[in-house]
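Report on the structure given below.
The values are calculated or read from the model by the stated rules, or taken from the named source; none is laboratory data. What you see is a predicted model, and the numbers here were worked out from it, not measured in a lab. Cβ placement follows ideal geometry from the backbone for every residue including glycine, while neighbour counts extend to all protein chains displayed.
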Amino acid sequence: VAPRYSPAPASGSRPAASWPNAQPGYQKQQGEVYRQLLQTPAPMQKPKAPEPQEPALAANSQSFGRVLTIVHSDCALLERDGNISLLSLPVAERWLRQAQLTPGEVPVCAQPLLIPLRLKVSGEEKSALEKAQSALAELGIDFQSDAQHVTIRAVPLPLRQQNLQILIPELIGYLAKQSVFEPGNIAQWIARNLMSEHAQWSMAQAITLLADVERLCPQLVKTPPGGLLQSVDLHPAIKALKDE
């Protein structure tokens, strides 16, 4: 019976290969290749070009700055060039509405009402409406009058979400006291008497509003009117922290 195991090689004999089909000198060749790999310099990696960064909103001279948060539900805390300011969102909204209502080279687009508003008017109010009809048409307000009533058939977009049953009678009362009917003055009165669309402002609403104001009213960024923007002095707070 053949032995289960091969006898150990005699002293001084060549060791057997570590696995079948191994070639003489294989390990030496592998070592040489490995040494060359270690000596081969790694390929140069091209430095990555810096990713273009979006310009900061505060760096734009036509911008109020970056909205940080909403304060007291209707004010936006802004940062621009390291300075902090507080902006009244209802006031900014009012300026935007005035810009949207003021006619430019073409009249403001009238939006037909699904249900026309019919109101009873006095003789004085009817006369004022007839005198102001061309100015109101430039503002996108279209109406038809008869003996004792006026029917509002179309209004501009900023008025669509307003309570017209309250706003229009107030507008008619304002017109009845005027002797000159200029579209810009009427637009200003309407803008100041519009109800804000937001009782509680969100960050997204504030950002959208400021973008529209910066686009339509760029003069407000350079010369903010009273009641719109107030700078916030942080130096007393910083001094108090350092003195602790």
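So if I check each of Leu209, Leu220, which one is out of contact with any Ser or Thr (no Cβ under 9 Å at 6 or more places or on another chain), within 16 Å of Arg80 (Cα to Cα) and either of a type in the set (Phe, Trp, Tyr) or in a helix (DSSP H, G or I) (or both)?
Only one candidate passes the filter, namely Leu220.
So in the stretch 79-97, with the set limited to residues that are in contact (Cβ under 8 Å) with a residue 60 or more places away in the chain and part of a strand (DSSP E or B), which one is farthest from Val155 (Cα to Cα)? Give the derivation first.
Kept after step one, since they are in contact (Cβ under 8 Å) with a residue 60 or more places away in the chain, are these residues of the stretch 79-97: 83-97.
Retained after the next criterion (residues that are part of a strand (DSSP E or B)): 83-88.
Values: Asn83: 41, Ile84: 39, Ser85: 36, Leu86: 33, Leu87: 29, Ser88: 27 Å.
Ranking the qualifying residues of the stretch 79-97, first place goes to Asn83.
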Problem - Failed condition for Met195, given (1) part of a helix (DSSP H, G or I); (2) of a type outside the set (Lys, Arg); (3) surrounded by 11 or more Cβ atoms within 10 Å (Cβ to Cβ) - result: (1)
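Being closer than 17 Å to Leu164 by Cα and either buried (at least 16 other Cβ atoms within 10 Å of the Cβ) or in contact (Cβ under 8 Å) with a residue 40 or more places away in the chain (or both) is the filter here, so list the residues in the stretch 126-144 that pass it.
First pass over the stretch 126-144, keeping only residues closer than 17 Å to Leu164 by Cα: 129, 136-137, 139-144.
Result: Leu129, Leu136, Ala137, Leu139, Gly140, Ile141, Asp142, Phe143.
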Practice task
Tell me, please, whether a residue that is over 21 Å from Arg66 (Cβ atoms) and either surrounded by fewer than 19 Cβ atoms within 10 Å (Cβ to Cβ) or among the small types (Gly, Ala, Ser) (or both) can be found in the stretch 230-237.
Solution key: yes
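Tell me, which residue of the stretch 158-172 that is of a type outside the set (Val, Ile, Thr) and exposed (fewer than 14 other Cβ atoms within 10 Å of the Cβ) is nearest to Pro103 (Cα to Cα)?
Going residue by residue through the stretch 158-172, those that are of a type outside the set (Val, Ile, Thr) are 158-165, 167, 169-171.
Filter again for exposed (fewer than 14 other Cβ atoms within 10 Å of the Cβ), leaving 160-161, 163, 165, 170.
Numbers: Arg160: 17, Gln161: 20, Asn163: 22, Gln165: 24, Glu170: 21 Å.
Ranking the qualifying residues of the stretch 158-172, first place goes to Arg160.
Just for strands (runs of 3 or more DSSP E) wholly inside the stretch 98-192: which have at least 1 residues that are outside the structural domain of Pro218 (by TED's automatic domain parsing) and of a type in the set (Asp, Glu)? Spell out the reasoning first.
Working: elements: 110-120, 142-145, 149-156.
The strands (runs of 3 or more DSSP E) meeting that bar are 142-145.
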Fill in the blank from the handout: Here the residues within the stretch 67-86 that are touching a helix residue (DSSP H, G or I) at 6+ places or on another chain (Cβ under 8 Å) and either within 14 Å of Leu209 (Cβ to Cβ) or not assigned by TED's automatic domain parsing to the domain that holds Thr208 (or both) are Val67, Ile70, Asp74, Cys75, Ala76
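Which is within 25 Å of the chain's Cα centre (by Cα) and free of Cβ contacts under 8 Å to residues at least 60 places away in the same chain, of Ala204, Ala237, Ala191?
Values: Ala237 fails: within 25 Å of the chain's Cα centre (by Cα); Ala191 fails: free of Cβ contacts under 8 Å to residues at least 60 places away in the same chain.
Residue meeting the stated conditions: Ala204.
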Fill in the blank from the handout: Going through (1) over 16 Å from the mean Cα position of the chain (by Cα); (2) over 16 Å from Thr69 (Cα atoms); (3) modelled with pLDDT of 95 or more one by one, Lys222 fails only at (3)
Handout entry: Residue satisfying all of: in the stretch 71-120; surrounded by 14 or more Cβ atoms within 10 Å (Cβ to Cβ) and among the small types (Gly, Ala, Ser); nearest to Gly184 (Cα to Cα) among these
Key = Ala99
Fill in the blank from the handout: Among the residues of the stretch 34-63, the number that are touching an Asp or Glu at 6+ places or on another chain (Cβ under 7 Å) and either part of a loop (DSSP other than H, G, I, E, B) or at pLDDT 55 or above (or both) is 2
